[in-house]
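The values are calculated or read from the model by the stated rules, or taken from the named source; none is laboratory data. Values in this document were obtained by computation on a predicted structure and should not be read as measured data. Because the Cβ atoms are built from the backbone with ideal geometry, glycine has one as well, and the counts that use them run over all protein chains shown.
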Amino acid sequence: MKLGIVVNEGPYTHEASDTAYNFVVAALEKGHEIFRVFFYHDGVNNATRLTVPPQDDRNIQQKWTDLQAKHDLDLVVCIAAAQRRGILDENEMKRQGKDAYNIAPGFRISGLGQLIEAGIQCDRLVTFGD
Amino acid sequence: MAMLHIVNKSPYEKGALESCLNHALEGDTVILIEDGVYACVKGGRAANALASVKGIRFAALSADLKARGIGEDKMTEGVDVVDYGGFVDLVTSCDKTESWL
């Protein structure tokens, strides 16, 4: 089955990003297709490559990046939510005249249309968040 | 049109479970995840509320129960314990999902 995932909560807040990650892993193990993971609202904070959690804690961003590389997932960050929270890719850095960008490998910034498309294309859309 | 309701808030903190139970229809399933699993604790007000609802299946995520020390001895009856794979199966076997955030 084709599944879409929405993550509305930042990392290390409650558990939404962890739950979504574990759900995606379990769905892939069962042979389902993950059409897209859409990071919305504070969920965009999962996509910064500048997080440095303690060594004995999980690195949530890195886990998503690694899973993306392994399964070629489409990890999409909402552009409007990202701009409000300082999540930029190289293009947005130039466009906004900023001196740095911080998007993690494996994530891409795009618009809300990507969420709508996931809602239309997927058999199920599952939301994790606050 | 069976719906899977996903509740991730403690019933002792937020009204998500109560709202969910007010809207869930016969044949639906409610899965309790994250702090939502506190509703499973035997003898609690929320566990009594679950018991009073007819025609709805209840499930709880095993990893979240374990993380909160809710073992079998503390579980109320009538709630199926599922792992993440079971959670995925519930999503695919129901027609729609609704997260009560």
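Here is how the numbers come out for the structure above:
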quantity: Checking B:His5 against (1) closer than 25 Å to A:Cys122 by Cβ; (2) in a loop (DSSP other than H, G, I, E, B), the condition it does not meet; calculated: (2)
quantity: Residue among B:Ala63, B:Ala39, B:Ala51 that alone is touching a residue at least 12 places away in the same chain (Cβ under 8 Å), in a helix (DSSP H, G or I) and loosely packed, with under 14 Cβ neighbours inside 10 Å; calculated: B:Ala51
quantity: Any hit, segment A:7-17, residues being in a helix (DSSP H, G or I), within 10 Å of chain B (Cβ to nearest Cβ) and closer than 30 Å to B:Ala60 by Cβ; calculated: yes
quantity: Hey, A:Gln61 within 12 Å of the chain's Cα centre (by Cα) and either modelled with pLDDT of 95 or more or not β-branched (Val, Ile, Thr) (or both) or not; calculated: yes
quantity: Matching residues, segment B:12-27, being touching a helix residue (DSSP H, G or I) at 6+ places or on another chain (Cβ under 9 Å) and either in contact (Cβ under 8 Å) with a residue 24 or more places away in the chain or in a helix (DSSP H, G or I) (or both); calculated: B:Tyr12, B:Ala16, B:Leu17, B:Glu18, B:Leu21
quantity: Identity of the residue in segment B:72-89, among the hydrophobic types (A, V, I, L, M, F, W, C) and more than 10 Å from every other protein chain (Cβ to nearest Cβ), that ends up surrounded by the most Cβ atoms within 10 Å (Cβ to Cβ); calculated: B:Val79
quantity: A:Asn102 vs. criteria away from chain B (no Cβ under 14 Å), surrounded by 14 or more Cβ atoms within 10 Å (Cβ to Cβ), over 12 Å from the mean Cα position of the chain (by Cα) and of a type outside the set (D, E, K, R); calculated: yes
